[in-house]
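Down below is the structure, laid out as structure tokens.
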Amino acid sequence: MLKNTNNKNKTIIGKDIYPLWHSFMSLVLTIGTSVILFSSNSVFAQQSQPVQTSQQKMAGEKIGKENDTYRYLNLFGDVFERVRSEYVDEITDKELIEYALKGMLANLDPHSQYMTEDDYSGMRVQTKGEFGGLGIEVTMEKGLVKVVSPIDDTPAYEAGMKAGDLIAEIDGEQVHGMSLSDAVKKMRGKVGTDILLTVIRDGEAEALKIKITRAIIQLKAVKHRTEGNVGYIRITTFNEKTFKGLKKGIKEIRKELGENLIGYVIDLRNNPGGLLNQAIAVSDAFLDKGEIVSTKGRSKGNIRRDNSTSGDMANGLPLVVLINGGSASASEIVAASLQDHKRAVVMGTQSFGKGSVQTILSLPGHGAMRLTTARYYTPSGRSIQSKGVTPDIIVDHVAVTEYKGNEYVREVDLKGALDSKKEKKKKNGKNAEDKETEKQVEDYQLSRAVDLLQGVHMFNKTVE
């Protein structure tokens with residue numbers, strides 16, 4: 001039932017409008033009188049309205065805007081008072097103000113956010129590399145929670161969550177209508193407890209029900225190993241430990257392979273981003289000169305450029321950077337800067353396309369706000385916002401199965417062929433090795449990246 005009330009509207013700052021209005025009118029009258037008194041007869045005859053200078057015009061517009069601001073603040077005050085006094089359940093002033101702040105920032109873009117003190121504390125823990133939860137980076141899209149990427153070796157990753165999944169329900173409760181921070185709070189909980197997510201996934205006819213057990217998420221920002229004579233470096237996130245982990249990985253790979261090292265694969269797939277300064281440091285590790293990234297704010301003069309310093313930690317060896325739809329923000333900065341400087345071949349699929357910078361503004365005693373303050377641009381001036389990074393070589397993530405057709409008859413298979421016994425022994429040994437290798441080749445994109453580096457190395461050796 002709707003209740004119609006004829007009470008006079010309440011205002012909290014409406015009185016401030018009237019002095020401003022009188023000031024404005026006095027200014028207009030003064031300007032008009034001055035024009036009449038000091039204009040020549042010819043000007044007076046041709047114009048029936050007072051002449052305004054550009055400064056006077058700007059002053060009038062400024063006062064008009066201030067009046068509009070006060071009008072909207074009056075509207076806010078009126079709604080606040082109505083909700084405070086007439087809402088069906090009693091609600092505190094603090095809660096109402098927090099709801100208003102969350103709504104204001106959430107409606108700007110998917111990444112701006114008001115954080116309560118608890119939210120802010122949780123965010124700071126996350127950037128340090130350890131927190132409780134599921135292990136997914138999320139954003140909002142069309143009222144649903146969208147998975148930017150699952151984080152390696154976390155409960156969400158092990159349960160089969162994928163980049164691009166849309167979470168429609170959390171433990172049976174509809175996500176539509178929740179703020180992002182509220183949805184994140186519901187997904188976090190006591191370690192060891194289960195959560196049931198209803199997930200909408202492209203290519204699936206029906207929604208999926210995915211059960212995940214909450215755990216302490218310990219983010220290992222950088223992992224490394226060798227793939228034959230190639231160094232493989234997997235960067236899962238950009239937190240405070242990323243650059244330190246990268247240096248350690250390069251050092252240990254170089255120690256293991258020595259002069260046999262032919263290049264590096266930098267894997268940024270499903271890396272949702274993180275700290276801007278860490279993305280700049282990682283890019284700088286492989287660049288000897290030139291711009292890494294520029295950020296441009298609202299005003300024309302608000303431009304920041306970050307440039308690389310001398311020194312290449314890879315000593316000029318070839319690089320392949322792997323990206324996909326889960327590579328976002330800081331990952332895209334690294335991939336684009338190395339691509340623009342022709343320092344690496346970017347391989348994989350189109351990245352996420354988050355080209356904006358968020359600044360955390362602390363509000364002492366009241367948490368903080370995450371506000372989008374700039375867009376970033378690649379060294380060539382490209383904006384990645386909503387576009388993403390396009391790989392130099394597009395390689396989809398596919399399952400590869402071996403084709404087992406009729407094998408060719410070779411000389412060694414012919415009865416009585418010379419040296420056939422020796423070759424058959426070698427062939428049998430090689431078949432056993434191939435089966436072992438076949439078990440290990442599960443990542444097609446990584447396999448293509450390693451093949452590319454080996455091909456470049458072989459070509460360089462051939463032309464020397």
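Pairs linking a residue in the range 236-265 that is without any contact (Cβ under 8 Å) to a residue 60 or more places away in the chain to a residue that is among the charged types (D, E, K, R), with Cβ atoms under 7 Å and 6 or more positions apart or on different chains, are L261/R254.
Being of a type in the set (S, T, Y), under 20 Å from A159 (Cβ atoms) and in contact with a helix residue (DSSP H, G or I) (Cβ under 9 Å, 6 or more places away or on another chain) is a property that does not hold for T198.
Among the residues of the range 402-410, are any among the aliphatic types (A, V, I, L, M) and either surrounded by 10 or more Cβ atoms within 10 Å (Cβ to Cβ) or at pLDDT below 60 (or both)?
Within the range 402-410, not a single residue is among the aliphatic types (A, V, I, L, M) and either surrounded by 10 or more Cβ atoms within 10 Å (Cβ to Cβ) or at pLDDT below 60 (or both).
When the range 371-386 is examined, which residues are found to be under 25 Å from K146 (Cα atoms) and surrounded by fewer than 19 Cβ atoms within 10 Å (Cβ to Cβ)? Once the filter is applied, which keeps residues that are under 25 Å from K146 (Cα atoms) and surrounded by fewer than 19 Cβ atoms within 10 Å (Cβ to Cβ), the range 371-386 yields L371, T372, T373, R375, S383, Q385, S386.
The number of residues in the range 339-353 that are among the acidic types (D, E) and either farther than 16 Å from S380 by Cα or touching a Phe, Trp or Tyr at 6+ places or on another chain (Cβ under 6 Å) (or both) comes to 0.
Please enumerate the residues belonging to the range 150-161 that are part of a helix (DSSP H, G or I) and touching a residue at least 24 places away in the same chain (Cβ under 8 Å). Spell out the reasoning first.
Pass one, the range 150-161, residues part of a helix (DSSP H, G or I): 155-159.
Selection gives P155, A156, A159.
In this structure, does K289 turn out to be without any contact (Cβ under 8 Å) to a residue 12 or more places away in the chain, among the basic types (K, R) and exposed (fewer than 14 other Cβ atoms within 10 Å of the Cβ)? Before you say what the answer is, go through the steps one by one.
Details: without any contact (Cβ under 8 Å) to a residue 12 or more places away in the chain: no; among the basic types (K, R): yes; exposed (fewer than 14 other Cβ atoms within 10 Å of the Cβ): yes.
No.
Matching residues to (1) modelled with pLDDT under 90; (2) under 26 Å from R234 (Cβ atoms); (3) surrounded by 18 or more Cβ atoms within 10 Å (Cβ to Cβ); (4) among the acidic types (D, E):
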position	(1), (2), (3), (4)
A156	no, yes, yes, no
M161	no, yes, yes, no
D165	no, yes, yes, yes
M187	no, yes, yes, no
D194	no, no, no, yes
V199	no, yes, yes, no
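Listed conditions (1) more than 21 Å from A449 (Cβ to Cβ); (2) β-branched (V, I, T); (3) crowded, with 21+ Cβ neighbours inside 10 Å are all met by T236, apart from (1). Take the range 242-284 and flag every residue that is at pLDDT 95 or above, aliphatic (A, V, I, L, M), in contact with a Ser or Thr (Cβ under 9 Å, 6 or more places away or on another chain) and assigned to a helix (DSSP H, G or I). Residues satisfying the conditions are I253, L257, A279, I280, A281, V282.
The values are calculated or read from the model by the stated rules, or taken from the named source; none is laboratory data. No experiment lies behind these values; they were computed from the predicted model shown. Here Cβ is always computed from backbone atoms with ideal geometry, including for glycine, and neighbour counts include all displayed protein chains.
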